[in-house]
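Here is the structure we will look at.
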Amino acid sequence: MPPKIVPKIVFDNVTRRFDLKDNAFIALDRLSLDIADGEFVTVVGPSGCGKSTALNIAAGLLKPSEGTVLVDGKAVEGPGPERGMIFQQYALFPWLTVRQNVEFGLRIKGEGAARRRQIAERFIDLVGLGDFADALPKTLSGGMKQRCAIARAYAVDPSILLMDEPFGALDALTRVQLQDQLLDTWSRERRTVMFITHDVDEAVYLANRVIVMAARPGRLKEIIEVGLPYPRTEEIRLSAAFMSIRNRVWQAVYHQ
Amino acid sequence: MSGSKTTGSSGGPPEGSGVDYSGLALNLCGLVAGIAIWWVLTAGGAVGLPPPPQVASRFADLIANGQLATDIMSSLARVLTGFLLGVILAIPVGFVMGWYKVARSLIEPYLQFFRMIPPLAIIPLAIVTMGIDETPKIFVIFLASFLASVVATYQGVISVDKTMINAARVLGAGDLTIFLRVIIPASTPFILVGVRIGLGSAWATLVAAELIAAQTGLGFRMQQAQLYYDLPTIFVSLITIGILGLAMDRILLVIERRLTVWQERV
């Protein structure tokens, strides 16, 4: 259990409405949630449960209609480099090499060339793309693209990683590999992670806590403590304890 | 992870840059066959057109007396001036239209309206208001290439992937950085297509403009030749126009490939 002093991220009664032509609908209804520093939280739920909306509000890409999101006790006003984000569609800059992609945020920060290179090198190695530092994204597989995006997010040294179904477009094998690699990276470079998925196994395997959400209107349904030790291994993935938590999450997601 | 090493970073040339010899050979065959058919058809004088040798010798004459060079230079000067002015204005206007909704709504009706008027239809107005020197011709060419490029540029800007912009934003980029480092490179392929279309319409407009009012140029030469029933000279001009247009298009294509090697091609 992570220590609960001041939560890293606080969703305080966050509501988001979208006004369409004919009807306004509530994407997210009064979400309140605390995420502790260094915690790995996964958010799982059916389409339309507002999980991506919540993430985008935390990222500062979307404004809440009501309520606030606090990061380190301060209200989120817009995007900031202390909150890195990883997208399902990778969102790499295709005209830049892996290295230049990873250096993108460092350049904005105004880091010098030598320092940029050094930091980029470190994170490219950390995600295992050392041999591809000068390759263009079009030559990379989906899994490699996502690892590059993870390195790019890490490079600006965010204290929070917001991940929007990052492995959703990958095949099942690659997905398992990337889950292990992400946990490995996270154990060495500890950050607060909020990870959106609709894969129940993935949600349980990665998280300290699984946040289950429900749709129409998008709202918090249940918070399930995983309580399995890290590092998570294949042994854990196949254990009875894992199965029973997985089943609980499954019930919560599919029997709403 | 490991098996995909062959796909990248080996420094190999990008696809499409390998020379396709069998294709080239076929191109050449088609060319020779075409000239042969032309020769056969015109040999007996049945079609009333000049045979290839006559056109070739007229080519030689016009090169020898320097007339062809003069015509090419004045035509190229017009087309390049008008085209460059058009593109140089089109790109910023296209960016402004793509970036600011207000600008788009203000400008777009005019753009769509003028796009419907063939640039050649502007020639009478241009001659009346600008005289018969170089200005009206360059203006019409400018208009043609501007209209073609501006639409492509702003389409490029509005089709930039929003996720990519968000990715830059969460990495700390402000509007200016996003514009310079995301919007411009991401819309480059669209802009280059627009520039090529612009060059095509500039070239098409040039000849017509010269047909109406000029003292030199490839179009002017054709019109003169028409008065004297000088078919070989008309052929020389037509072939020159085609070759120059093709050459310029190829040059732009090479530049386009260079600037967009990063694009995934099917």
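The values are calculated or read from the model by the stated rules, or taken from the named source; none is laboratory data. In this text the structure is predicted, and so the values were computed from the model without any measurement. Don't worry about glycine lacking a Cβ; one is built from the backbone with ideal geometry, like all the others, and counts go over all protein chains shown.
List of remarks:
- Residue identified as of a type in the set (Ser, Thr, Tyr), assigned by TED's automatic domain parsing to the domain that holds A:VAL212, touching a residue at least 24 places away in the same chain (Cβ under 8 Å) and in a loop (DSSP other than H, G, I, E, B) among A:SER47, A:SER52: A:SER47
- Residue within the stretch B:95-109 that is of a type in the set (A, V, I, L, M), closer than 16 Å to B:THR240 by Cβ and modelled with pLDDT of 90 or more present: no
- Index of the failed condition, A:MET194 passing every other in (1) touching a residue at least 60 places away in the same chain (Cβ under 8 Å); (2) under 24 Å from A:THR53 (Cβ atoms); (3) away from chain B (no Cβ under 14 Å): (3)
- Here B:GLU256 meets each of (1) within 18 Å of the chain's Cα centre (by Cα); (2) not in a helix (DSSP H, G or I) with one exception, condition (2).
- Of residues in the stretch B:88-108 being part of a helix (DSSP H, G or I) and of a type in the set (Phe, Trp, Tyr), the one surrounded by the fewest Cβ atoms within 10 Å (Cβ to Cβ): B:TRP99
- Selection from the stretch B:242-266 of residues that are free of Cβ contacts under 8 Å to residues at least 60 places away in the same chain and within 23 Å of B:LEU76 (Cβ to Cβ): B:GLY242, B:ILE243, B:GLY245, B:LEU246, B:ALA247, B:MET248, B:ASP249, B:ARG250, B:ILE251, B:LEU253, B:VAL254, B:ARG258
- Checked against (1) in a loop (DSSP other than H, G, I, E, B); (2) surrounded by 18 or more Cβ atoms within 10 Å (Cβ to Cβ), B:GLN215 passes all but a single condition, namely (2).
- Subset of the stretch A:92-128 [at pLDDT 95 or above and in a loop (DSSP other than H, G, I, E, B)]: A:LEU92, A:PHE93, A:PRO94, A:TRP95, A:LEU96, A:THR97
- Check on B:GLU210, among the acidic types (Asp, Glu), within 14 Å of chain A (Cβ to nearest Cβ), surrounded by 17 or more Cβ atoms within 10 Å (Cβ to Cβ) and within 18 Å of the chain's Cα centre (by Cα): no
- Annotation note: Cβ proximity below 6 Å between a residue of the stretch A:176-191 that is hydrophobic (A, V, I, L, M, F, W, C) and a residue that is part of a helix (DSSP H, G or I) (sequence gap 6+ or interchain) occurs for A:LEU178/A:GLY143.
- Scanning the stretch B:60-72 for residues that are farther than 13 Å from B:ARG221 by Cα and assigned to a helix (DSSP H, G or I) turns up B:ALA60, B:ASP61, B:ILE63, B:ALA64.
- Residues in the stretch A:227-242 that are out of contact with any Phe, Trp or Tyr (no Cβ under 8 Å at 6 or more places or on another chain) and part of a loop (DSSP other than H, G, I, E, B): A:GLY227, A:PRO229, A:TYR230, A:PRO231, A:THR233, A:LEU238, A:SER239.
- Residues located in the stretch A:102-151, provided they are touching a residue at least 24 places away in the same chain (Cβ under 8 Å) and among the charged types (D, E, K, R): A:GLU103, A:LYS109, A:ASP134, A:LYS138, A:LYS145, A:ARG147
- Residue, farthest from the other protein chains (Cβ to nearest Cβ), within the stretch B:145-187, restricted to residues that are on the phi < 0 side of the Ramachandran plot and assigned to a loop (DSSP other than H, G, I, E, B): B:SER159
- Some residue of the stretch A:75-85 being hydrophobic (A, V, I, L, M, F, W, C), assigned to a strand (DSSP E or B), under 16 Å from the mean Cα position of the chain (by Cα) and away from chain B (no Cβ under 14 Å): no
- Screening B:MET130, B:MET164, B:MET116 for residues that are buried (at least 16 other Cβ atoms within 10 Å of the Cβ), assigned by TED's automatic domain parsing to the domain that holds B:GLY219 and over 18 Å from the mean Cα position of the chain (by Cα) leaves exactly one candidate, B:MET164.
- Set side by side, the residues B:ALA121, B:ALA77 differ, and just one is in the same structural domain as B:THR205 (by TED's automatic domain parsing) and surrounded by 14 or more Cβ atoms within 10 Å (Cβ to Cβ), which is B:ALA77.
- When A:ALA59 is tested against (1) buried (at least 16 other Cβ atoms within 10 Å of the Cβ); (2) closer than 22 Å to A:LEU183 by Cα; (3) not assigned by TED's automatic domain parsing to the domain that holds A:VAL14, just one condition goes unmet, and that condition is (3).
- Residue among A:GLY112, A:GLY105 that alone is farther than 18 Å from A:PRO158 by Cβ and either among the small types (Gly, Ala, Ser) or buried (at least 21 other Cβ atoms within 10 Å of the Cβ) (or both): A:GLY112
- Matching residues in the stretch A:155-177 - criterion: being within 11 Å of chain B (Cβ to nearest Cβ) and in a helix (DSSP H, G or I): A:ALA155, A:LEU173, A:THR174, A:GLN177
- Residues located in the stretch A:62-74, provided they are more than 14 Å from chain B (Cβ to nearest Cβ) and crowded, with 16+ Cβ neighbours inside 10 Å: A:PRO64, A:SER65, A:GLY67, A:VAL69, A:LEU70
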